[in-house]
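Colleague: Sending over a structure as structure tokens; questions will come in a sec.
The values are calculated or read from the model by the stated rules, or taken from the named source; none is laboratory data. Quick caveat, the model's predicted, so the values are computed rather than measured. In this analysis, Cβ positions are derived from the backbone assuming ideal geometry, glycine residues included, and neighbour counts consider all displayed protein chains. Surface areas here come from the heavy atoms of the whole protein model, side chains and all, with no ligands, DNA or RNA. Shrake-Rupley method; radii C 1.70, N 1.55, O 1.52, S 1.80 Å.
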Amino acid sequence: MDIFIQQLINGVTLGSVYAIVALGYTMVYGIIQLINFAHGEVVMIGAMVAYSVIVALAGAGAPLPPLAIVLAGALVAIPVCMAVGFTLERVAYRPLRRAPRLAPLITAIGLSIILQHLAMIVWSRNPLPYPQIVKSVSYHLTGNPNGATITNVQIAILAVSVAMMAGLMALVYKTRLGIAMRATAQNQAVAGLMGIDVNKVIALTFVIAGGLGSVAGVMVGTYYGIAHYQMGFLLGLKAFSAAVLGGIGNLAGAMLGGMLLGIIEALGAGYVGDLTNLCHFADWSEALAQRCAVDPNVVLFGSNYQDVFAFIVLILVLVFRPSGLLGERVADRA
Amino acid sequence: MSAPGTAPQADAGVLLAGRGINKRFGGVQALSDVSFAIRKGEIYGLIGPNGAGKTSLFNVLTGIYTPDSGNFVFDGAPLDGLKPNEVAKRGIARTFQNIRLFANLSALENVMIGRHVRTRAGVFGAMLRNPATLDEERAIERRAFELLEYVGVGRRANDLARHLPYGDQRRLEIARALATDPKLLALDEPAAGMNATETESLKGLLERIRGDGTTILLIEHDMKLVMSVCDRVLVLDYGKKIAEGTAGAVQEDPAVISAYLGGDVALNLKGAA
Amino acid sequence: MRAILDTKGNPKLAWAGLALVGIALLVLPFALAAMGTAWVRITNLAILFVFLALGLNIVVGFAGLLDLGYIAFYAVGAYVYALLASPHFNIHLPFWVILPIGAAVACMFGVLLGAPTLKLRGDYLAIVTLGFGEIIRIFLNNLSQPVNITNGPQGVTLIDPFRIGPFSFRDTEAFLGLAFSGPIKYYYFLLVVLLAIIVINLRLQDSRIGRAWEAIREDEVAARAMGINTRNMKLLAFAMGASFGGIAGGMFSAIQGFISPESFILLESIMVLAMVVLGGMGNVWGVIVGALLLSFAPEVLRYTVEPVQQALFGRMLVEPEVIRMLLFGFALVLMMLFRPAGLLPSATRKRELEVRR
């Protein structure tokens, strides 16, 4: 039971990061039906920029509490990523808005490669150790002293994620900009006729997505204690899977999908090894029994298959329910 | 000739019979209990105000949607559950209201693609170019040229479809449909956007196609064309059949007048009389 | 290229041109060998990438289906060859048995992936194929436990070269006073296969099947209404592309003698796609040019970027590989923005991409 709770907590933490990144995909998709393939790279840039700020501040021995240093990192990363998002839209997507679908997808791949390698030149080819300046504190959740725990970092990630989701919902549903975004998502031409500056709204969508992504980058860096110029790719792909799982174009769907995917991955990684341990069937075969006597873990699929789950979820969802769990409620698209 | 509104009989002269077709989209009953019969060799009109369900009937017939209930019997066998390509293979070819040509292929290639369903060459034939395949290719090309001439766009054979003038695109779509050797040619507003001269020559083309043995199902808003070219007409309104019969009889039908002029107008007319 | 091949328009010039190109291709490996055997190897790999690009062109260029996991089929072909012709399982089948098996297995994977996913819209299909490619790679990396099938990240080594009786493609032999090294022999073999594949591609494009693919690419609904079984035709394109990839993978295995999952990462899929896009989707000659350009680019950069940086800064600031990737990324973006139909666009594709902008 403790293992289960622990994996659940890990999954929800991971899932809330996925959700924040997924929101970036889903917002852009909702408004212009484009898969912003380079969004994962924006997250990576966020992690990297914050890394530099944190290292500089911590290294200079700035008389600041650790939390303030991380916050400073995020505060620098946010505008940088917003600028990256804005630039991507302006330079590579806007000219292709009316082109066949494949064209912006291909530019997005090109941008991914450019951003990755620029990051590699600026930072490093090797993984960067994220300074663990916030002392990790674990809180026990059950009576078991070796049982499930939740760390202060995990709590912070959850809190920040929830706050950002709430903020985004308020923005989309309570503000004039939100109305303009929803109108543009419904019908660009008509929104334009109603006096909405469609180009500005789309650009702002990329800016907001970039801002969300940067925070996600800082959270991932802090959580895993590592940043790498290629970290955006897999993270982005998983977040995209999460967005599809929830129903792409749907904000609530992205959150649900992110959480679910995080939980699926954590539980999957935690249990798949045990579930596919052939020694459960040791009495079926003499050879197997002998092998299990030497090594009780003859595991078909171990936790090293963790990354497969997201892809399998993605394929299954697209094949069996392309509209995702929450469907694409047209009125909800932002 | 059966009276308007009679249920279709499975007699030998019937090419296509629709029986109790229902189709609902969300809260909208696009087609409710529509039955009709098209006889071999006739030009059968399908009319009705905008949103009456004409194109829905086309889409249900050609397998793009499945009817909620009811079925079609075509040439003696049901069309139940067939996909659009299977329907085409059975001998129903269609055109589209908003022209759907293969815009970046030449006019000739468009018609050649129409021959696909009546030809056989596979991957190995394509790779090996054996005599049978080469013969078939030549036959496809020849037939495609003939059809372009037939509809009157032979001169534009090597132009890209999207470079053709509007009227020629409509004709090209008809040629492409004819290339599938259809028994029934289903045309969705072929005269839309045409001027009077073009419509007149389209009428000539339709009569020629019918004269050459192909039955035609025609959705059209141009009443002059419908009334002059159609043998019989089916009128839909709000997804329901409100009349079926000869062009002349349908024109006189009070339900049809009411549907086209609006209920109030019809009542007023009655009141005045 | 087209003028040279136009044997009807101007037969004398055409045949003379063809003869010249033929002689140049025959002499090429010796010229390259004079510069160093490495160049022959590089050329062989470039030809393999031409195969891959032509295979992907069937899927992307002809049928209009974006496949971002194409390298997976290359991987399948490569591993089939490696496992059936190496000490790993101590199986040593001859290459002419394994290559068809590799093609068939890759084809099967193509159908397995395609059957459920081909109804998806273009960009979704792209992502699903990408996911599939990653799944294959993750499995290759991990299928060393509990039974060692792929040997994990270490890969498979000591893979047999092509061998016909006593004649092995690995040894150097003297013939007519010329030294035929292993790579040179492979070169000629690849050249013959390349010719065959080019002919197949050109013929496919101009056939009933090719027209059906083009119809699907242009307007799927209309294609279906014309009686084209779009699902089968898309599957066919997928299966053919996959088979090409499988054959290329088998040859890669034999030529390299060593493979590991690292050769089959997503970037390779994107690289092959870039070759197709750069050259001109749907145009066989364009795709060949694109594949050759991108294959030789790293070598050219290696011999230019380094000296230039040394001269300018006295040391190397950015490795040629990174510059290559940056150029490659910019090429993708700039091509889409300014020349979406590729360097040598096919007539139809060019017009389509221009009109919609």
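Colleague: Per residue, what volume in Å³ does the convex hull of the Cα atoms of segment A:63-109 enclose? Please report the intermediate quantities before stating the final value.
Modeller: On the way: hull volume 3.5 nm³, N = 47.
About 75 Å³ per residue, rounded to a whole number.
Colleague: Which values, in whole Å and largest first, are the semi-axes of the equivalent ellipsoid of chain A obtained as the square root of 5 times each eigenvalue of the Cα gyration tensor?
Modeller: Equivalent-ellipsoid dimensions as semi-axes: 36, 26, 19 Å.
Colleague: On to the next question. Would you mind getting me the FRET efficiency between B:ARG142 and B:GLU200? Use the beta-carbon distance for r and R0 = 41 Å, nearest 0.05. Don't jump to the answer; show the numbers that get you there.
Modeller: Values: r = 30 Å, r/R0 = 0.72.
Efficiency, rounded to the nearest 0.05: 0.85.
Colleague: Counting helices only, and only those DSSP H runs with n ≥ 4, report the 222 nm mean residue ellipticity of chain C as the sum of -39,500 (n - 2.57) divided by its residues, in deg cm²/dmol to the nearest 500.
Modeller: On the way: 14 runs with 248 residues, N = 357.
Theoretical 222 nm ellipticity from helices: -23500 deg cm²/dmol.
Colleague: Next up: Give me the distance between the Cα centres of segment B:126-143 and segment B:158-230, rounded to whole Å.
Modeller: The distance from the Cα centre of segment B:126-143 to that of segment B:158-230 comes to 29 Å.
Colleague: Take the cross-link list B:LYS54/B:LYS89; B:LYS241/C:LYS234; A:LYS200/C:LYS119; B:LYS89/C:LYS119 and give me the ones stretching past 29 Å between alpha-carbons. Please list the in-between numbers first.
Modeller: Numbers: B:LYS54/B:LYS89 22 Å; B:LYS241/C:LYS234 39 Å; A:LYS200/C:LYS119 34 Å; B:LYS89/C:LYS119 21 Å.
In this structure, B:LYS241/C:LYS234; A:LYS200/C:LYS119 lie more than 29 Å apart at Cα.
Colleague: Distance from the Cα centre of segment C:232-268 to that of segment A:10-78, in angstrom?
Modeller: 37 Å
Colleague: Dipole size in debye (nearest 20) for chain A around its Cα centre, Lys and Arg Cβ +1, Asp and Glu Cβ -1? If you can, show how the numbers build up before the last one.
Modeller: Working: 16 positive and 12 negative charges, 274 e Å.
Taking the Cα centre of chain A as origin, the dipole is about 1320 debye.
Colleague: Follow-up. Every cysteine in the protein assembly as shown with no other Cys Cβ under 4.7 Å from its Cβ, please list them in numeric order.
Modeller: Isolated Cys, the protein assembly as shown: A:CYS81, B:CYS230, C:CYS107.
Colleague: If you wrap a convex hull around the alpha carbons of segment C:37-265, what volume per residue comes out, as a whole number of Å³? Spell out each step's value before the answer.
Modeller: Working: hull volume 28.1 nm³, N = 229.
It is 123 Å³ per residue.
Colleague: What ranking of A:HIS140, A:HIS117, C:HIS88 comes out by heavy-atom accessible area, probe 1.4 Å, highest first?
Modeller: On the way: A:HIS140 105, A:HIS117 15, C:HIS88 55 Å².
My answer, sorted largest first, is A:HIS140, C:HIS88, A:HIS117.
Colleague: Just want to confirm a number: the relative contact order over segment C:37-265, from Cα pairs under 8 angstrom separated by 6+ residues, in percent. Could you put the intermediate results ahead of the total?
Modeller: On the way: 361 pairs, mean separation 96.2, N = 229.
Reported as a whole number, the value is 42 percent.
Colleague: Moving on. Sort C:271-280, C:148-157, A:238-247 for me by packing, meaning the mean count of neighbouring Cβ atoms within 10 Å per residue, highest on top.
Modeller: Descending packing order for the listed peptides: A:238-247, C:271-280, C:148-157.
Colleague: Here's a follow-up. Within 10 Å of each candidate Cβ there may be at most 15 other Cβ atoms; applying that plus a DSSP loop requirement, which trypsin sites (Lys or Arg not before Pro) in segment C:266-332 survive? Walk me through the intermediate numbers first.
Modeller: Working: sites: C:ARG302, C:ARG315, C:ARG324; in loops: C:ARG315.
Here the trypsin sites (Lys or Arg not before Pro) that fit, given the DSSP loop and packing criteria, are C:ARG315.
Colleague: Below 8 Å between Cα atoms, with a sequence gap of 6+, how large is the relative contact order for chain A in percent? Each step should come with its number before you reach the end.
Modeller: Details: 576 pairs, mean separation 110.8, N = 334.
Taking the mean separation of contacting Cα pairs over the length of chain A, I get 33 percent.
Colleague: Can you give the mean number of other chain Cβ atoms that lie within 10 Å of the Cβ atoms in peptide A:296-302? Working shown, then result.
Modeller: Working: counts 0, 2, 3, 2, 4, 5, 3.
That average works out to 3.
Colleague: How large is the helix-only mean residue ellipticity at 222 nm for chain B, computed as the sum of -39500 (n - 2.57) over DSSP H runs with n ≥ 4, divided by its residue count, in deg cm²/dmol to the nearest 500? Could you put the intermediate results ahead of the total?
Modeller: Working: 11 runs with 110 residues, N = 273.
It comes out at -12000 deg cm²/dmol, rounded to the nearest 500.
Colleague: Normalised by the empirical 2.2 N^0.38 Å for globular proteins, what value does the Cα Rg of segment A:52-171 take?
Modeller: On the way: Rg = 19.7 Å, N = 120, 2.2 N^0.38 = 13.6 Å.
Cα Rg divided by the expected 2.2 N^0.38 Å: 1.45.
Colleague: Within the accessible area of chain B, what % is carbon and sulfur when the probe is 1.4 Å and the other protein chains stay in place? Working shown, then result.
Modeller: Numbers: 6150 of 11750 Å².
Carbon and sulfur together cover 52 percent of it.
Colleague: How much accessible surface area, in Å² rounded to 10, belongs to the heavy atoms of B:HIS221 with a 1.4 Å probe?
Modeller: Result for B:HIS221: roughly 70 Å² accessible.
Colleague: Rounded to the nearest percent, how much of the accessible area of chain A (1.4 Å probe, protein heavy atoms only) is carbon and sulfur?
Modeller: Details: 9260 of 13650 Å².
Looking at chain A in its full context, I get 68 percent from C and S.
Colleague: Rg (Å, one decimal) plus Dmax (Å, integer) for the alpha carbons of the protein assembly as shown?
Modeller: Final numbers for Rg and Dmax: 32.2, 111 Å.
Colleague: Mind listing the Cα extents of segment B:54-165 along all three principal axes, in Å, largest one first?
Modeller: The principal-axis extents, from largest down, are 46, 37, 22 Å.
Colleague: Given q = 0.13, 0.18, 0.27, 0.28 Å⁻¹, what are the Debye log10 I(q)/I(0) values for segment C:277-336, with equal point scatterers placed on the Cα positions and solvent ignored?
Modeller: -0.41, -0.68, -1.06, -1.09
Colleague: Before anything else, pin down the relative contact order of chain B: Cα pairs under 8 Å, at least 6 apart, normalised by residue count, whole percent.
Modeller: 26 percent
Colleague: For the residue pair A:TYR139 and A:ASN297, what label-to-label distance in nm results when each label sits 7 Å from Cα along the Cα-to-beta-carbon direction?
Modeller: The modelled label-to-label distance comes out at 3.1 nm.
Colleague: Rolling a 1.4 angstrom probe over the protein heavy atoms, how many square angstrom per residue are accessible across chain B?
Modeller: Ligands and nucleic acids excluded, the result is 43 Å² per residue.
Colleague: Tell me, in nm to one decimal, what length is gained between C:VAL111 and C:VAL300 on full extension, where the rule is 0.36 nm per residue of separation less the Cα-Cα distance?
Modeller: Values: separation 189, 0.36 × 189 = 68.04 nm, distance 3.81 nm.
That pair, C:VAL111 and C:VAL300, stretches by 64.2 nm at full extension.
Colleague: To continue, here is another question. Would you tell me the mean number of C-beta atoms belonging to other protein chains that fall within 10 Å of each C-beta in A:111-119, as a whole number? Walk me through the intermediate numbers first.
Modeller: Values: counts 4, 3, 13, 8, 1, 5, 10, 4, 0.
Counting other chains' Cβ atoms within 10 Å and averaging over A:111-119 gives 5.
Colleague: What does the average come to when, for each residue of peptide B:103-109, you count the partner chain Cβ atoms lying within 10 Å of its Cβ? Kindly include the intermediate steps, with their values, before the conclusion.
Modeller: Details: counts 8, 15, 10, 2, 0, 0, 5.
Other-chain Cβ atoms within 10 Å of each residue's Cβ, averaged: 6.
Colleague: Among C:31-42, A:252-263, how do they line up from the highest to the lowest mean number of other beta-carbon atoms within 10 Å?
Modeller: Values: C:31-42: 15.2, A:252-263: 25.3.
Most protected by this proxy first, the peptides run A:252-263, C:31-42.
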